[in-house]
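Every read-out reported here was derived from the displayed coordinates using simple, explicitly stated rules and does not represent laboratory data. These numbers come from a predicted model, not from an experiment. All Cβ positions, glycine included, derive from the backbone under ideal geometry; neighbour counts span all protein chains shown.
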């Protein structure tokens, strides 16, 4: 039996550490340990609830806008405040553009190199790679010349000893199985994705006034001044520029990202059998299309036991089914408490560090539960809920993926194949394609509403004496994010955030049930414990927040084996 | 040849060079936020030059790829653990920058290093990269700087302004 530890280099801001016991080439036991969000309450307590979002969006090093959105929603929920339609549409567009950016960057720049061997791409025949790509997609930048130019660029980069972002890859690892031509295709799209992701960011910047860290939110709406004929504010000219970026994103996501995920997924079809984990899925509805948050462009709900027939929808921002279902246990986390799960409104965060104890406390992450059970969150949960709810865009893109992968892998792909490491990547691509449609749709809704003469963007909040509570939820790129606020006499009395990576990277709960990462890692094959690429594949498939800081440390001598590319 | 001319991409290029000053960091973690605090101080300093833009880079490096692409010079300000006394300032240039970024105080360092590497790959890397690092003392939850790092702020602003004048005389 070998034990490996995958640990980051730094000690603050939400790191993730993974420990695995490996026996006979397979993971037999796993622990996820992290430190996140500790102490944010202290900064927020006593502050004006209208300012909370500017602070919460600074907490995480990766997800910024999502904490701003969830925070204003929490305060609005407490006040029972309606939001003008323009504000909903503008927020929805920011949400979609941010998610598209996040998904593209995650696939190409943070996780594709777990599957794609860049060094092997140097040996590819560009003509063959082009023929393969053109057989899969109408994308215009799949020509032999384009691929030959990419190969030359890679050669210069690698030959010049400047491996840079590629320096830490497991090149030549036995688990790398793509043909050189597929590797070249993926490398070319890696470079194209660097360009295209900038378009998504331009949309966030144009609507949010600034990126990173948007400036245009307010409790009650948005602060974008709108005048269709002005140069300096949100004008028709600027809206048309945004539409041009949306169209470019739509082409890339539909003709490149979704197709590449299918191709890579088909070559690694064996990975549909690994990384299953917790199959109770939770997703919240998002993209409200009315002022009260009762109708949504995307559904959400709970799927117990991986059974889509048992889907229970969450109907809106005020649905008690979500609000009353969430609790957090600290039995295995470094906080004081007897381990009985606490509702976030009553959440406590008093440190009780004990060192890493395998069967005791071993993480700064609390274990969130939904009606007492761990839940997996993220695009896979969202896609399964979309399929369960009969959400037309989700079903359409999901069927496209199933058909394409099935044709390439020459086998029928059942829905159950999604409960896997590669399934999480496929679901993320489906979700991204759905997001692109919703971005276009909300753009049109905004333009139509403005054309009607409605230029309202904000409803002024007013705070009552006494205590009120609210939850703001958001289906962020990594899954369910919820902010919980208790307001007393117009000031914040308690604030808790239950973030997506907390759900997925949870330690064992009060019933000693492992969290989604821990559970998904069990039975993962590991060819070489010195180079646990397979472990990274499964952890990265969840899109962990801050995995960019992961280092692989060999516990026996503390030697740094390499940096996970995240 | 002057420094400013050297910043332009091609010989004979008479376009105005663009210099970006980006402060990184998490303002919720004490001295971790020194880069952002420096940008706030620079914006309040009265210094104005149409060739220079100050940017609060916050915690999310990958969101800055678009902003950083194709600039002529880039000055980064950040908390860096160099093993010096808290508040001491150290300057790294060009090839030393990616190495120094690994000593950053927080976990978004990989983000900045990867963004710079991605710019090289896109052939849109800045002509000059300078990192001004400040040795942190306190990296715990809190919105304020520790006394030695707060005391270093005026000197840091002066040093960044000198760097700007050196690059754009």
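From the square roots a ≥ b ≥ c of the eigenvalues of the alpha-carbon gyration tensor of the protein assembly as shown, which class results: rounded (a/c under 1.5), prolate (a/b over b/c), or oblate?
Rounded, because the longest to shortest axis ratio a/c is under 1.5.
Per the Kirkwood definition applied to all pairs of different Cα atoms, how many angstroms is the hydrodynamic radius of segment A:461-531?
About 15.3 Å for segment A:461-531.
Quick check: residue separation of residue A:527 and residue A:411 times 0.36 nm, minus the Cα distance between them. What number comes out in nm? Can you show the working numbers first?
Details: separation 116, 0.36 × 116 = 41.76 nm, distance 2.60 nm.
Stretched fully, the residue A:527-residue A:411 segment lengthens by 39.2 nm.
Mean separation of Cα pairs under 8 Å and 6+ residues apart, divided by the residue count of segment B:17-167: what relative contact order is that in percent?
Relative contact order, segment B:17-167: 33 percent.
Sort segment A:201-242 into rounded, prolate or oblate with this rule: let a ≥ b ≥ c be the square roots of the eigenvalues of the Cα gyration tensor; rounded if a/c is under 1.5, and if a/c is not under 1.5, prolate when a/b is larger than b/c, oblate otherwise.
In terms of gyration-tensor shape, oblate.
Please give, to one decimal in nm, the separation of the simple spin-label points placed at residue A:355 and residue A:227, each 7 Å out from Cα toward the Cβ.
A separation of 6.7 nm, rounded to one decimal place.
What residue among B:15, B:45, B:60 has the largest mean-square fluctuation in a Gaussian network model of chain B, using Cα springs under 10 Å?
Result: B:15 has the largest fluctuation of those listed.
On a 0 to 90 degree scale, rounded to 10, what angle separates helix B:34-44 from the longest Cα axis of chain B?
60
Mean-square fluctuation check for chain B, GNM, Cα pairs under 10 Å: which of B:157, B:128, B:120 is largest?
B:120
Just to be sure I understand: of the beta bridges DSSP finds with both ends in the protein assembly as shown, what percent are antiparallel, rounded to 5?
75
Return the percentage of antiparallel bridges among DSSP beta bridges fully within segment B:17-167, rounded to the nearest 5 %.
So the antiparallel bridges amount to about 25 percent of the total.
May I ask for the equivalent-ellipsoid semi-axes of segment A:308-393, computed as the square root of five times each C-alpha gyration tensor eigenvalue and listed largest first in whole Å?
Semi-axes (√(5λ), whole Å): 31, 15, 9.
With runs of 4+ DSSP H residues as the only contributors, calculate the mean residue ellipticity of chain B at 222 nm using -39,500 (n - 2.57) per run, divided by the residue total and rounded to the nearest 500.
-10500 deg cm²/dmol, from helical runs alone.
Output the Kirkwood hydrodynamic radius of segment A:242-295, Cα pairs only, in Å rounded to one decimal.
15.0
State the dimensionless ratio Rg/Rh of segment A:54-127 (Rg: radius of gyration of Cα atoms; Rh: Kirkwood radius).
Ratio of gyration radius to Kirkwood radius: 1.24.
Placing one identical point scatterer on every Cα of segment B:17-167 and ignoring solvent, what is log10 I(q)/I(0) from the Debye formula at q = 0.18, 0.19 Å⁻¹?
Evaluating at q = 0.18, 0.19 Å⁻¹ gives log10 I(q)/I(0) of -1.00, -1.13.
When a footprinting reagent is the concern and you count Cβ atoms within 10 Å, what order do A:542, A:398 take, fewest first? Can you show the working numbers first?
Numbers: A:542 31, A:398 24.
The fewest-first ordering by Cβ neighbours comes to A:398, A:542.
For segment B:112-169, take the alpha-carbon Rg, divide it by the Kirkwood Rh, and send me Rg/Rh.
Over the Cα atoms of segment B:112-169, Rg/Rh equals 1.10.
For every helix of n ≥ 4 consecutive DSSP H residues, a contribution of -39,500 (n - 2.57) applies; sum these over chain A, divide by its total residues, and give [θ] at 222 nm rounded to the nearest 500 deg cm²/dmol.
Numbers: 17 runs with 216 residues, N = 566.
Here the helix-only value at 222 nm equals -12000 deg cm²/dmol.
Evaluate the relative contact order of chain A (contact order divided by residue number), counting alpha-carbon pairs under 8 angstrom at least 6 apart; express in whole percent.
Taking the mean separation of contacting Cα pairs over the length of chain A, I get 25 percent.
How long is the gain from residue A:467 to residue A:244 if the chain were fully straight, where each residue apart is worth 0.36 nm and the alpha carbon distance is subtracted?
75.6 nm
Between rounded, prolate and oblate, where does segment A:293-338 land on the alpha carbon gyration tensor, with a ≥ b ≥ c its root eigenvalues, rounded for a/c under 1.5, else prolate if a/b exceeds b/c?
oblate
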